[in-house]
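Colleague: Below is a structure I'd like to ask you about.
The values are calculated or read from the model by the stated rules, or taken from the named source; none is laboratory data. This is a predicted model, so every value here is computed, not measured. Reconstructed Cβ throughout: ideal geometry from the backbone, glycine too, with neighbour counts over all protein chains shown. Areas reflect the complete protein model, heavy atoms only, side chains present, ligands, DNA and RNA absent. Shrake-Rupley method; radii C 1.70, N 1.55, O 1.52, S 1.80 Å.
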Amino acid sequence: MLVLTRKVGEGIRIGDDITITVVEMKGGGIRLGIVAPPTVKIHRQEVYDRILEENKEATQWIIADLDSLSDSLPMLKEVK
Amino acid sequence: MKVINTRFGQVEYDPAKTLHFPTGMIGFENLREFIVMPNIKRGPLFWIQSVEDPEIAFVLTDPTNFFVDYRVAPDDNEKEKLGMKDGDDCHALVVVTVNSGSDFTFNLLAPILYAPGPNRAIQVVLEHSNYSTKMPLPKV
């Protein structure tokens, strides 16, 4: 991992079109400003981690539970 | 036709007709090809089985079965990943986490965009949304 020291107002540039600036340091938190093209998705790490964990959990099902669940769910419309 | 041994038994599939995930699912980026398995039971749930890892299968559903207002549309970058052409259809699916005892939740924060034309799908993370990865069935 590349580790850099930056002061408030300083930033880093990633590639041709992403800029991250340290905006403010306050109460143990650091506010970052990010400029990136709209096609680049930016997410808090914990959001991404939560989805990763949820996906892992979602692979752990068994067919008996799916069967009993399917029996209990109302069929609202036809499955595509 | 090819056959794989999954944890649900042998599955025969046509390699030309697998559902392609060009970037995989989040946390499973290396798994690109899935077989769409019809649920033998009637109902809104079905599942997709990884071709590359027989242990991995996800239960999916059309979220509008349960959340009538739920809408997700692909942006231009996502359309490109999906290989969509003008006029191609795309709709959202969500992963259902099925636990024992009829306990289940929907991952509305990270839906799957599915384009039937190119038969491709990608999992996306919704920005600025209040949806959770563990949304319970809405109470009627």
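Colleague: Among the listed residues B:V3, B:V36, B:V68, identify the single one that is open to solvent by 50 Å² or more (accessible area, probe 1.4 Å) and under 13 Å from the mean Cα position of the chain (by Cα). Before the answer, list the steps.
Modeller: On the way: B:V3 fails: under 13 Å from the mean Cα position of the chain (by Cα); B:V68 fails: under 13 Å from the mean Cα position of the chain (by Cα).
Every option except B:V36 fails the conditions.
Colleague: On to the next question. As an exercise: evaluate B:A57 against (1) touching an Asp or Glu at 6+ places or on another chain (Cβ under 8 Å); (2) surrounded by 15 or more Cβ atoms within 10 Å (Cβ to Cβ); (3) within 11 Å of chain A (Cβ to nearest Cβ) and give the number of the one condition it does not meet.
Modeller: That leaves (1) as the condition not met.
Colleague: Go through (1) more than 18 Å from B:F46 (Cα to Cα); (2) more than 21 Å from the chain's Cα centre (by Cα); (3) of a type in the set (S, T, Y) one by one and return the number of the condition A:S70 breaks.
Modeller: (1)
Colleague: Identify all residues within region A:49-73 that are modelled with pLDDT of 90 or more and more than 7 Å from chain B (Cβ to nearest Cβ); write none if there are none.
Modeller: A:D49, A:E53, A:Q60, A:I62
Colleague: Please list, ordered by residue number, the strands (runs of 3 or more DSSP E) wholly in chain A having 2 or more residues that are free of Cβ contacts under 8 Å to residues at least 12 places away in the same chain.
Modeller: Fully inside chain A and qualifying: A:11-14, A:29-35.
Colleague: Would region A:60-71 turn up any residue that is over 23 Å from B:M135 (Cα atoms), of a type in the set (G, A, S) and open to solvent by 50 Å² or more (accessible area, probe 1.4 Å)?
Modeller: no
Colleague: Okay, moving on. Quick one: is B:A110 facing chain A (nearest Cβ under 10 Å), in contact with an Asp or Glu (Cβ under 9 Å, 6 or more places away or on another chain) and open to solvent by less than 10 Å² (accessible area, probe 1.4 Å)?
Modeller: So B:A110 passes the test.
Colleague: Restrict the check to region A:26-40 and report whether at least one residue is exposed (fewer than 13 other Cβ atoms within 10 Å of the Cβ) and facing another protein chain (nearest Cβ under 7 Å).
Modeller: Yes, some residue in region A:26-40 is exposed (fewer than 13 other Cβ atoms within 10 Å of the Cβ) and facing another protein chain (nearest Cβ under 7 Å).
Colleague: Collect the residues in region B:31-82 that are of a type in the set (F, W, Y) and out of contact with any strand residue (DSSP E or B) (no Cβ under 8 Å at 6 or more places or on another chain), keeping them in residue-number order.
Modeller: none
Colleague: Considering only region B:118-133, state which residues are at pLDDT 95 or above and open to solvent by 50 Å² or more (accessible area, probe 1.4 Å).
Modeller: B:R120
Colleague: Consider B:V125 carefully, then state whether it is under 24 Å from A:R44 (Cα atoms), part of a loop (DSSP other than H, G, I, E, B), at the interface with chain A (Cβ under 9 Å from one of its Cβ atoms) and in contact (Cβ under 8 Å) with a residue 40 or more places away in the chain. Before you say what the answer is, go through the steps one by one.
Modeller: Numbers: under 24 Å from A:R44 (Cα atoms): yes; part of a loop (DSSP other than H, G, I, E, B): yes; at the interface with chain A (Cβ under 9 Å from one of its Cβ atoms): yes; in contact (Cβ under 8 Å) with a residue 40 or more places away in the chain: yes.
When the stated conditions are applied, B:V125 passes them.
Colleague: Taking the condition of being within 13 Å of chain A (Cβ to nearest Cβ), surrounded by 17 or more Cβ atoms within 10 Å (Cβ to Cβ) and outside any helix (DSSP H, G or I), how many residues in region B:71-96 meet it?
Modeller: 8
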